[in-house]
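Asks: Supplied in structure tokens, the structure appears directly below.
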Amino acid sequence: MQDIFKLRDIFAPHEGRRRDDLFRHNRRLIHYTSAAAAISIIRNKRVWMRNVRCMNDFMEVEHGFQLLQRSFSPPTDSEMEKGLRAVGAALDVIFPGLTEESVKWFDGWLFQLRNKTYVTCLSEHDAAESDYGRLSMWRSYTASQVGVGLVINPLPLYSLSDTFGAFSSPVYYFSDDHLRELFLEIANNISTNKDFLQSHDRSEIKGYFGMLLRAVAMCTKHPGFLEEKEWRIMHTEQLDERGALELDVEVIGGIPQPVYKIPLEDHAASGMTGISIPDLLEHVIIGPTQFPIPVWDAIVIELEKAGVKDPWEKVSYSNIPIRTQA
């Protein structure tokens, strides 16, 4: 287990920093959604993962893919490419030809990653936001419906793995320059830990480099979205094990589509615990609405049915003033 954490620190130091920061500052994660979807999650004990192609922010997901592809297609000579070359050179000293193998692996899975990946999104939640939520997120969910924020304990997400069927990752708001600096840091980590990496199987190290490429492609957004502080839970068909995930078909906005559902129940086979509604859900914030009391009543009733103790103490509503058109 110690080796796994060390390998993560070598190939994904940026992820370690985000996770450590989350726990050090005792931040929570919040899932902003509609009140209807929140009721469905609590009642059915399921969170949906939708195909990235069906999401409103699909082009945001494309940002990372486009950055990587520019680096794989010379002669762009981008800042990111300079950093990626440094990582490749450091790896090939230890395992000759490993970089080319990893890039071919990534190219071979590109269609699946782009077209068969399913995602649910969360956001970091500071204590200062407990009373109001985040205005920019409410604006995304209250144009024609009531928004709700489900505040959860982030610790169980740290344990998500392929054996459960999904994994979690923070989203990074990187430009070419940011990615160059990250890759240069990783290249230095590889060179500094040369003897440690040589003691591991070539295929294992290839897997970690491949996961780095995958994370950059799927979890990099334009720096303009920094305020979202997003985290993603993801599953890619065929690449990841099915695990505990349930595949179903739902009609959303008139469009039939496959949906993977995360069961909010402990899963012994993968060692996942603490993800039942009573354990996972810490607080519910109702967004700005003209109907706060009926929505509050409805959510409290559903929480009580789900086995949440003293549910009325876990629900509040944002008192951000509603802007109404004249």
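Asks: Please report the antiparallel percentage of DSSP beta bridges with both residues in the chain, rounded to the nearest 5. Display every interim value, and only then the final one.
Replies: Values: 40 of 44 bridges.
So the antiparallel bridges in the chain amount to around 90 percent.
Asks: Lys and Arg at +1, Asp and Glu at -1: add these up for the other residues within a Cβ distance under 13 Å of L184 and post the number. Mind showing how you got there, number by number?
Replies: Values: positive: K82, R85, R180; negative: E79, E81, D176, D177, E181, E185.
That sum, taken over residues with Cβ under 13 Å, equals -3.
Asks: Which ordering of E230, E100, E79 is given by a fewest-first count of other beta-carbon atoms within 10 Å? Don't skip to the end; give the middle numbers.
Replies: On the way: E230 21, E100 11, E79 17.
Fewest-to-most Cβ neighbours within 10 Å comes out as E100, E79, E230.
Asks: So, one more: Say R0 is 41 Å: what FRET efficiency, to the nearest 0.05, do K305 and D21 get from their beta-carbon distance?
Replies: Numbers: r = 36 Å, r/R0 = 0.87.
Once rounded, the FRET efficiency stands at 0.70.
Asks: I've got another one for you. Quick check on the exposure proxy: order L98, L160 from fewest to most C-beta atoms within 10 angstrom.
Replies: Details: L98 18, L160 21.
Least crowded to most crowded, the residues run L98, L160.
Asks: Cα to Cα, under 30 Å, and not fewer than 8 places away if on the same chain: which lysines meet these conditions relative to K314?
Replies: Within the straight-line limit of under 30 Å, K314 reaches these lysines: K45, K229, K261, K305.
Asks: How many angstrom lie between the Cα centre of region 198-226 and the Cα centre of region 233-256?
Replies: So the separation of the two Cα centres works out to 22 Å.
Asks: Positive end of the charge dipole of the chain (Lys, Arg +1 and Asp, Glu -1 on Cβ, about the Cα centre): tell me which of Q198, F11, V103 has its Cα farthest that way.
Replies: V103
Asks: Relative to the longest principal Cα axis of the chain, at what angle does helix 202-218 sit, 0 to 90 degrees, rounded to 10?
Replies: Roughly 50 degrees, rounded to the nearest 10.
Asks: Report the gain in length on full extension from F225 to E282: 0.36 nm times residue separation, minus Cα-Cα distance, nm rounded to one decimal.
Replies: Length difference between fully extended and current span is 17.9 nm.
Asks: Residues in region 268-286 near a label at L155, defined as backbone nitrogen under 20 Å from the 7 Å Cα→Cβ point?
Replies: In region 268-286, the label zone of L155 (backbone N under 20 Å from the point 7 Å along Cα→Cβ) covers 268-284.
Asks: Using the crude model of +1 on Lys and Arg Cβ and -1 on Asp and Glu Cβ, and no other charge, please compute the dipole size for region 276-326 relative to its Cα centre, in debye to 20.
Replies: Details: 4 positive and 7 negative charges, 48 e Å.
Once rounded to the nearest 20, the dipole reads 240 debye.
Asks: Report the convex hull volume per residue for the chain, counting only C-alpha atoms, in Å³.
Replies: On the way: hull volume 49.0 nm³, N = 326.
Dividing the Cα hull volume of the chain by its residue count gives 150 Å³.
Asks: Can you give the FRET efficiency for R242 and K104, using 1/(1 + (r/R0)^6), R0 = 22 Å, r = Cβ-Cβ distance, to the nearest 0.05?
Replies: On the way: r = 25 Å, r/R0 = 1.16.
The calculated FRET efficiency here is 0.30.
Asks: If you stretched the chain out fully between D126 and Q112, how much longer would it get, using 0.36 nm times the residue separation minus the C-alpha to C-alpha distance?
Replies: Numbers: separation 14, 0.36 × 14 = 5.04 nm, distance 3.45 nm.
1.6 nm is the gain from fully extending D126 to Q112.
Asks: Any idea what angle helix 292-305 forms with the longest principal axis of the chain, computed on alpha-carbon atoms, 0 to 90 degrees, nearest 10?
Replies: Between helix and principal axis, roughly 70 degrees.
Asks: Further question: FRET efficiency for S191 and E250, Cβ-Cβ distance as r, R0 = 35 Å, nearest 0.05? Don't skip to the end; give the middle numbers.
Replies: On the way: r = 48 Å, r/R0 = 1.38.
Taking R0 as 35 Å, the efficiency between S191 and E250 is 0.10.
Asks: Give, rounded to the nearest 20 debye, the magnitude of the charge dipole that region 2-317 has about its Cα centre when Lys and Arg contribute +1 at Cβ and Asp and Glu contribute -1 at Cβ. Don't jump to the answer; show the numbers that get you there.
Replies: Values: 34 positive and 45 negative charges, 59 e Å.
Approximately 280 debye in magnitude.
Asks: Under the 0.36 nm per residue contour assumption, what length would be gained going from the current alpha-carbon distance of T163 and A89 to full extension? Walk me through the numbers before you get to the answer.
Replies: On the way: separation 74, 0.36 × 74 = 26.64 nm, distance 3.24 nm.
Taking T163 through A89 to full extension adds about 23.4 nm, to one decimal.
Values in this text are rule-based calculations from the coordinates and carry no lab data. Please read these numbers as outputs of a predicted model, since none were measured by experiment. Methodologically, a virtual Cβ is constructed for each residue, glycine included, from the backbone with ideal geometry; neighbour enumeration extends over all protein chains shown.
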